[in-house]
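Below is one structure, written out as structure tokens; the observations come after it.
Read the figures in this text as sums done on the coordinates, not as results from a lab. Remember, it's a predicted structure, so these values are computed and weren't measured experimentally. Neighbour counts run over all protein chains shown; Cβ positions are idealised from the backbone, glycine included.
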Amino acid sequence: MDKRIRDFFIATGREIKDGETTDIYFIRTVEILKKMGKLDTEVAMEITSGKLPFGWTWGILSGTLEAIRLLEGMDADLYLMDEGTLFKPVDELGRRMPIGYLIGKYGEFAIYETPLLGLLCQSSGISTYAAHLRYMAWDKTLLSFGARRMHPAITPMIDYAAYIGGFDGVSSVLSAKKLGLEPQGTMPHALIIIIGDQVEAWKAFDKYIDKKVKRIALIDTFYDEKIEALMAADALGDNLFGVRIDTPKSRRGNIGDIIREIRWELDLRGYKHVKILVSGGVNHENIMEMIEAGADGFGIGTSVSNAPTLDLALDIVEKEGSPIAKRGKIAGRKQVYRCPKCYRYLIKPYSEKKVKCDKCGAEMEALIKKVVEKGEIAIEIPSIEDTRNYVLQQLEKIRELGWGG
Ligand SMILES: [Zn+2]
């Protein structure tokens, strides 16, 4: 077969690192400053959070490891919260929360504003969405099925962001490989339609696919979900791990009631071990209804892969060591402190150290850390599992504290 490779319509790593995806106004700014001899002006630029999607009160920062790679080798310092940090758009006093700082000669990194924000905003948007679903679905299975809705060039990034945000697995083979996981999935309608009979298709899956793969039968191809669920259970018996419904919109009178019926019928006939998975249109607005009806897990596509990007901004807050900012931003470098006990967030001038919680008196933790120093990576890069565990620990903490979404 002819497998010619042509370029896809994407930026290469080299083009990104060379700043070629930047906005033209930064190139012009550099041109002017160079002619005026001001390219070496020392600045501190602050990355701040804007409002979060859906009025949410907390988000999860991710994409910092790629931001570090972007700045590596540049004559600049980068400060950021840890990958996976739970942050709020504002602190307890309503002040916009800094996420990090870019410090050095303006000309060194002016053109990186565009890619730096892009790396952080999209990844954090996906991690934030994934973490909110995890917070709601808590002990249910969440799988990332959204590769097909986005450009394949960013599939691994999307799945990484969803996974560290608390998802259990991903369906994309390349994503799973990069995450060190086994890819997870069920079967497409195509398999059932081509074989021409659902029972035969489920049995073929059971016969030919490696035994370590869970047998999850897709049960909405030709007949009613309830009927096909029982057919699948009768056909595969103990081998059947679960059933998946992907009910089309035109048949979804009440998805909760469909799940309740399937559960009841399976239980009644001794198939209590069979799990119910739902895919197709699952999002933060309807997931609770399905959990309450008895769903055990979800394949989540578009809502997570196309999660709203976060509105982070980058602004100068210091010039030649003096505080200065545009209207609407507060000047000077700051540190964000979080109380480890009550998770209060307070913003303080950077010079202020050893901050005690104004509510419980505990010593607060400084969240913004130096991650790149003069172009050298200044931290231990955390493992993917450690980052995911960090996110889950923070979610556990805010559940204890009774935070909402
Ligand atoms: Zn406290």
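Observations, loosely collected:
- In terms of the mean number of neighbouring beta-carbon atoms within 10 Å, the peptides 372-384, 23-35 order highest first as 372-384, 23-35.
- Taking every lysine pair in segment 189-338 that is 8 or more places apart or spans two chains, those with Cα atoms closer than 24 Å amount to 23.
- Per-residue HN-Hα couplings for segment 2-16 [Karplus 6.51, -1.76, 1.60; θ = phi - 60°; Hz; x = Gly/Pro]: 6, 10, 4, 10, 10, 5, 7, 7, 9, 7, 7, x, 4, 5, 5
- Ranking of 298, 205 by count of other Cβ atoms within 10 Å, fewest first: 205, 298
- Mean Kyte hydropathy of -0.5 or more with a Cα span along the axis of at least 27 Å, helices from DSSP in the chain: 113-137
- Packing here is the average count of other Cβ atoms within 10 Å per residue, and on that basis the peptides 319-325, 127-133, highest first, run 127-133, 319-325.
- Protection proxy ranking of 117-124, 253-260 - average other beta-carbon atoms within 10 Å, highest first: 117-124, 253-260
- Inter-part distance where segment 360-402 and segment 171-204 are each reduced to a Cα centre, Å: 36
- Calculated [θ] (222 nm, deg cm²/dmol) that DSSP helices of n ≥ 4 give over the chain, each run adding -39,500 (n - 2.57): -10500 deg cm²/dmol
- Lysines whose Cα lies under 25 Å from that of residue 3, excluding same-chain neighbours fewer than 8 positions away: 177, 178
- For segment 246-283 and segment 52-112, distance of Cα centres in Å: 42
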